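What follows is a set of notes on a single structure, which appears directly below.
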Amino acid sequence: MTSGVGDPPGATPAGGEAAAKGGLWRLALGVFVQHRAALFGVGIVAFMALFSFLGPVFYHTDQVHTNLSRANLPPSAAHPLGTDDVGYDILGRLMLGGQTSLEVGFAAALVATGIGTLWGAIAGFTGGFLDGFMMRIVDGIIAIPTLFLLLYLSTVFQPNTLLLILVIGLVAWLGPARLVRGEALTLRTLEYVDAVRMMGGTRRRIVGRHVIPNTIGTIMVNTTFQIADAILIVAALSFLGLGPPAPATNWGAMLSNGVNYSYAGYWWLIYPPGLAIVLTVTAFNFIGDALRDAFEQRLQRR
Amino acid sequence: MTFYLIRRVGQAFVVVVIVSIVTFILSRLLPGEPARAILGLQASPVQIEAFRQARGYDEPLIVQYGMYVDRLLHGDFGFSYKENETVAALVAQRLPPTVLLVGLSVVVAVILAVPLGMLQATRRNRPIDYGLTGASFVFYSMPSFWLGLLLITLFAVYLDVLPAGAPQGSMSSVLAEPAGLVLPVMTLALVTLAEFSRYMRSSTLDNLGEGYVSTARAKGASERRVLYHHVLRNALVPIVTLLGLRLPAILNGALITEGVFNYPGIGRLFWQATQSQDYDVLLGVTLIVAVGTVAGSLIADVSYAVLDPRVRYVQPR
């Protein structure tokens, strides 16, 4: 560990104490206490989730009926963030849009991580021909830039929100598959895997109970980045006109609708959803970075 | 080196074959009658039947795939009934502007990312490092269409120094009006830059901890010489791999950028095809873009092996 070179003897390098005491969850907890950026990230994510899902309970707005007589009103006491081009209250709409953005982000990342982990663990653990075969499939699909594949699938299926989650998940599982396969390749040479095998443990048991749990660090880090990417992908799809269909909205759809009015000076249509996206995506990236630092420290100790 | 080259080219070939299988499967996902979906609602039954015969839709799947590959090898990527033009001709017209856009943006991004990343590494955990890290996070987290539109608002509307859209038509009109390229290139470069400078920062930090840096310092080399003569060269090498790895992501960015600036490239062609449900164009462009990224990562890997001889001797597992 390079950071410890100049430290006085006996000093524990940053993060070392939590890692030394073991426990994965304890380690993750230690990360958030030590990394201010990660703490900030968790704070933002918690705030956005509460705002989007609990906000509407306290702040009632009509997000169903358009009202053109109240369109594009600047922020006022009645509408703290103004109204949009069809008269929806923007603060209320931000909550509604946040629900979709966060839901799709989380769910798509979980689908992608689930498929990718299983695929990578099986390929890496089995090795040989099957590994080569499975990983060439990954290579083939990864060569197609995500957005092109997604746009094609969205054009064919015209997905609703649920289907969109599946489609994004089905496109995004390749990264985790590669990562987990790499870890599984290392893990299968370790002694305790031999021990399980000697005790008569089946392959399914080894992959399910030993390989996957040991890659959980890598998986968690990757999931965090996947959520951030999925939120951006939904925004990009909305801009290209292939996002979740109305009446559902999301921050990306609000933003791409708002930028039509850049020249009219209706800044309240643009900055609230734009900042919500930037803050949330940055928050997830901060969390991912901090988690990765922590797990890498742990790996170096092994 | 020869062995490495042969193995790597062989791998790339296998990947291209798999890409063609994937696009073939994608073409079979079309709902209902594929001939109807591709030819449009106005097509007569005779046309539909002729199309079915030509594509071999009545044959078994494996034969259909064989026919598909055969068509691809003859340069037939399909026909756009919406544009009344072969997909190959459309792509030939729209690909050069995209190559120009992506190439320029990558060059700009690398030229800026290298000094920025090194600056951050040498000022690690000081205000300038935090500031630049924060900025790169913001650019990375920003939907690229918003970034593009902010640049338009700033440079084309308020300052009125640059055109808001790209010139229309083919490659020659793009080259005739280089000012129209500035904002699209800037947008794509800023998105790419964020990631590259972070990578350069950690690559420089890794190298600063290496033994050869201590040796150079012990010999009495100035910090400047250590940095520019020793560290820079070594830290640059991984950037080559990053380029190959990030090519698909850069092409995603190009798709959005071309949409924002109405830039006459392959990304906008693709986007327009999603609007008109022009499936042959979608599939043809997908295949060509994928083959392009495979070629890109092949070139990146081979250059990496040229730059870093250790790679050539590493055997798989």
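If the viscosity is 0.890 mPa s and the temperature 25 °C, what translational diffusion coefficient in µm²/s does Stokes-Einstein give for chain A when Rh comes from Kirkwood over Cα pairs? Translational D for this selection: 114 µm²/s.
Please name the residues of the stretch A:227-253 whose accessible area, counted over protein heavy atoms with a 1.4 angstrom probe, falls by no less than 10 Å² between the chain alone and the full protein assembly. Residues losing area: A:D229, A:L232, A:A235, A:A236, A:F239, A:L240, A:L242. Averaging 1/r over every pair of different alpha carbons in the stretch A:45-98 and inverting the result gives a Kirkwood radius of 11.2 Å. Within the listed set A:I90, A:I44, A:I141, the Gaussian network model of chain A (springs between alpha-carbon atoms below 10 Å) gives the highest mean-square fluctuation for A:I141. In nm, give the distance between the simple-model label positions of A:T126 and A:V86, each being 7 Å from the Cα along the Cα-to-Cβ direction. Each label point is offset 7 Å from its Cα along the Cβ direction, giving 4.9 nm. A:V221 contributes about 10 Å² of solvent-accessible surface, heavy atoms of the protein only, 1.4 Å probe.
Heavy atoms of the protein chains alone define the surface here; on that basis the protein assembly as shown has 47 Å² accessible area per residue at 1.4 Å probe size.
Rg ratio for the stretch B:96-307: its Cα radius of gyration over 2.2 N^0.38 Å, N being its residue count, equals 1.16. Calculate the length of the line joining the C-alpha centroid of the stretch B:23-67 to that of the stretch B:113-192, in whole Å. Spelled out, the Cα-based centre of one part sits 43 Å from the other.
Residue ranking by accessible heavy-atom surface, 1.4 Å probe, largest first, among A:W267, A:W119 comes out as A:W267, A:W119. On association of chains A and B, roughly 4000 Å² of accessible area becomes buried (total for both chains; probe 1.4 Å). Taken one residue at a time, the phi angles of the stretch B:213-219 give Karplus couplings (6.51, -1.76, 1.60, θ = phi - 60°) of 5, 4, 4, 4, 5, 5, 5 Hz. Gly and Pro are set to x. Each residue of the stretch A:128-140 was assigned a 3J(HN,Hα) from its phi angle through the Karplus expression (A = 6.51, B = -1.76, C = 1.60, θ = phi - 60°), giving x, 5, 4, 4, x, 4, 5, 6, 5, 4, 4, 4, x Hz with x at Gly and Pro. Per-residue extension of 0.36 nm, minus the Cα-Cα distance of B:Q47 and B:T2, leaves a gain of 11.1 nm for this segment. The accessible-area ordering, largest first, of the residues A:E183, A:E191 stands as A:E191, A:E183, per a 1.4 angstrom probe. Neighbouring Cβ atoms from other chains, within 10 Å of the Cβ of residues in A:278-285, number 4 on average.
For the set A:M254, B:M186, solvent exposure ranked by accessible area (probe 1.4 Å, protein chains only) runs largest to smallest as B:M186, A:M254. Direction-averaged projected area, Cα convex hull, the stretch A:136-295: 12.0 nm², rounded to one decimal. Rolled with a 1.4 Å probe across the full set of protein chains, the surface gives B:R268 an accessible area near 20 Å². Relative contact order, whole percent, for chain A stands at 25, derived from Cα pairs under 8 Å and 6 or more residues apart. Note that the protein assembly as shown, at 10 °C in a medium of 1.306 mPa s, gets a Stokes-Einstein diffusion coefficient of 60 µm²/s from its Kirkwood radius over C-alpha pairs. Peptide A:135-142 has a mean of 6 when you count, residue by residue, the C-beta atoms of other protein chains within 10 Å of its C-beta. Structure remark: mean-square fluctuation, Gaussian network model of chain A, C-alpha springs under 10 Å; the largest value among A:D84, A:D131, A:D62 belongs to A:D62. Just the number, please: carbon plus sulfur as a percent of the accessible area of the protein assembly as shown, 1.4 Å probe, no ligands or DNA/RNA counted. Here carbon and sulfur together make up 65 percent of the probe-accessible area. Running a GNM on chain B with Cα contacts under 10 Å, which residue among B:A89, B:A166, B:A194 ends up with the highest mean-square fluctuation? In the Gaussian network model the winner is B:A89.
Against the compact-protein benchmark of 2.2 N^0.38 Å, the Cα-based radius of gyration of the stretch B:17-87 scales to 1.09. Per residue, the convex hull spanned by the Cα atoms of the stretch B:185-317 amounts to 137 cubic angstrom. Inter-chain Cβ neighbour count for B:131-144, averaged per residue, equals 5 (cutoff 10 Å, partner chain atoms only).
Eigenvalues of the alpha-carbon gyration tensor of the stretch A:94-139, scaled by 5 and square-rooted, set the equivalent ellipsoid semi-axes at 34, 9, 4 angstrom, largest first.
The values are calculated or read from the model by the stated rules, or taken from the named source; none is laboratory data. None of the values given here were measured: they were computed from a predicted structure. Don't worry about glycine lacking a Cβ; one is built from the backbone with ideal geometry, like all the others, and counts go over all protein chains shown. For the accessible areas, the whole protein counts, side chains as well, though only heavy atoms, and no ligand, DNA or RNA atoms are used. Shrake-Rupley method; radii C 1.70, N 1.55, O 1.52, S 1.80 Å.
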